[in-house]
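Reading through the structure tokens given below for one structure.
The values are calculated or read from the model by the stated rules, or taken from the named source; none is laboratory data. What you see is a predicted model; the values in this text were computed from it and never measured. Glycine also receives a Cβ, built like all others from the backbone with ideal geometry; neighbour counts cover every protein chain displayed. We work out accessible area using only protein heavy atoms, side chains counted, and drop any ligands, DNA or RNA first. Shrake-Rupley method; radii C 1.70, N 1.55, O 1.52, S 1.80 Å.
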Amino acid sequence: MHAIGIDIGGTKIAGAVVSESGEIIAERRVATEAGDSGAIVDAVVEMVQSLSVGQTIVAAGVAAPGFIDSAQSTVYYTPNIAWRNEPLRDRLTERLGIDVTIDNDANAAGWAEYRFGIGRGVHDMTMLTIGTGVGGAIVSDGRLFRGGFGAGGELGHMRLVPDGLPCGCGARGCIEQYGSGRALLRFAGEIADAGGVGLALAEARREHGTLDGSSVGSLIAAGDPGARLALEQLGHYLGQACASLSAILDPELFVFGGGVAIAGDLLLDPVREAYRQHLPARGYHPEPRFAIAELVNDAGVVGAADLARLHSRAR
Ligand SMILES: [Zn+2]
């Protein structure tokens, strides 16, 4: 039976009809009106209705950024959309007349990788999504870990640096401040300021007025030593975070997704190096695999659809 997955992002809403084997049968995209939560609900309803035409749909899953309750029905808080204790599932179920479940977007992406991507055949997997911020997903013994209230697995807000930089969540020193795309740009800016290997970065900054993801990304791809150093610094922080996560979760596989993960081994090599340096009881702990996500842009919709299908079966 097919299910529909909807992924609400900061700039676009993506939706797809997804088969039981994770295959995308049909898809649609519209721009997000981030300030208008009512318009987002309308857009989701319209998208589910248009994707359902001519299909037998068993359930719909919606992936959204933020904290979702363990019943997968209420959005406690979401950063860019004005949802606070929003009963999103009831609102959508009422209007659509089918089973709807809500999940955190990083959880949906992690679940998709576990079921249909790089995590196939693994039982314990931890995923970090490195975009503008840092998302997290934990699969433990074949189940998505949500915690007691549904807000578990928010790895981006685990403290990495005591008394470190303030984070948008209100705490300090979160992984998000040292292991995100935004952190990469900050490291690149510091390297540009220092001169030396930062010459090309400083020049790109002069040319564009600021350092953005695409100019730092192309310098990394071109082998520029300053841009590569910024990526290495990011990888070292992420490797330390993975060492701490291993002490708690002991996953067989760490998966890296999001825009920065395009760097592949250039990111994973410093991650592995820092992981080995910071792992408790190092030398006596079997080493997990470190890998890049496979599903990239489709992970959110595929994971949301599959979670909704499982949830409706369990009911
Ligand atoms: Zn934080």
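Taking the condition among the aliphatic types (A, V, I, L, M) and at pLDDT 95 or above, does residue 262 pass? In short, no. List every residue pair whose Cβ atoms sit under 8 Å apart, with the two residues 6 or more apart in sequence or on different chains, where the first one lies in the stretch 87-110 and is closer than 29 Å to residue 255 by Cα and the second, anywhere, is in a helix (DSSP H, G or I) and polar (S, T, N, Q). These pairs meet every condition: 100/93; 101/312.
With respect to being touching a helix residue (DSSP H, G or I) at 6+ places or on another chain (Cβ under 9 Å), within 30 Å of residue 25 (Cα to Cα), open to solvent by 70 Å² or more (accessible area, probe 1.4 Å) and assigned to a loop (DSSP other than H, G, I, E, B), residue 287 falls outside the description. Contact map, the stretch 145-169: first residue more than 13 Å from residue 71 (Cα to Cα), second residue surrounded by fewer than 17 Cβ atoms within 10 Å (Cβ to Cβ) and among the charged types (D, E, K, R), Cβ cut-off under 7 Å, separation 6 or more or different chains; pairs are 163/172; 164/172; 165/172; 166/172. Entry remark, the stretch 149-161: residues being surrounded by 14 or more Cβ atoms within 10 Å (Cβ to Cβ), more than 10 Å from the ligand (Cβ to nearest atom) and under 21 Å from residue 139 (Cα atoms) number 5 in total.
Within the stretch 232-251, no residue that is free of Cβ contacts under 8 Å to residues at least 40 places away in the same chain sits with its Cβ atom under 7 Å from a residue that is of a type in the set (D, E, K, R) and assigned to a loop (DSSP other than H, G, I, E, B) at 6+ positions apart or across chains. Count of the stretch 102-115 residues, restricted to those that are out of contact with any strand residue (DSSP E or B) (no Cβ under 8 Å at 6 or more places or on another chain) and over 12 Å from residue 301 (Cα atoms), is 1.
Has the stretch 226-233 got at least one residue that is under 18 Å from the mean Cα position of the chain (by Cα), at pLDDT 95 or above and in a helix (DSSP H, G or I)? Break it down into steps so the answer makes sense when it comes.
Looking only at the stretch 226-233, we keep the residues that are under 18 Å from the mean Cα position of the chain (by Cα), and these are none.
There is no residue in the stretch 226-233 that is under 18 Å from the mean Cα position of the chain (by Cα), at pLDDT 95 or above and in a helix (DSSP H, G or I).
Residues that are at pLDDT 95 or above and among the basic types (Lys, Arg) within the stretch 277-298 comprise just one, 289.
Applying the set (1) open to solvent by less than 50 Å² (accessible area, probe 1.4 Å); (2) part of a helix (DSSP H, G or I); (3) over 28 Å from residue 141 (Cα atoms) to residue 218 leaves exactly one unmet item: (1). In the stretch 162-205, the qualifying residues are those that are within 10 Å of the ligand (Cβ to nearest atom) and part of a helix (DSSP H, G or I), and the one that is farthest from the chain's Cα centre (by Cα) is 177.
Filtered by the rule that a residue be open to solvent by 20 Å² or more (accessible area, probe 1.4 Å) and part of a strand (DSSP E or B), the stretch 136-148 gives 140, 143, 144.
For the stretch 37-77, taking the residues that are among the hydrophobic types (A, V, I, L, M, F, W, C) and free of Cβ contacts under 8 Å to residues at least 12 places away in the same chain, the one that is most open to solvent (accessible area, probe 1.4 Å) is identified as 53.
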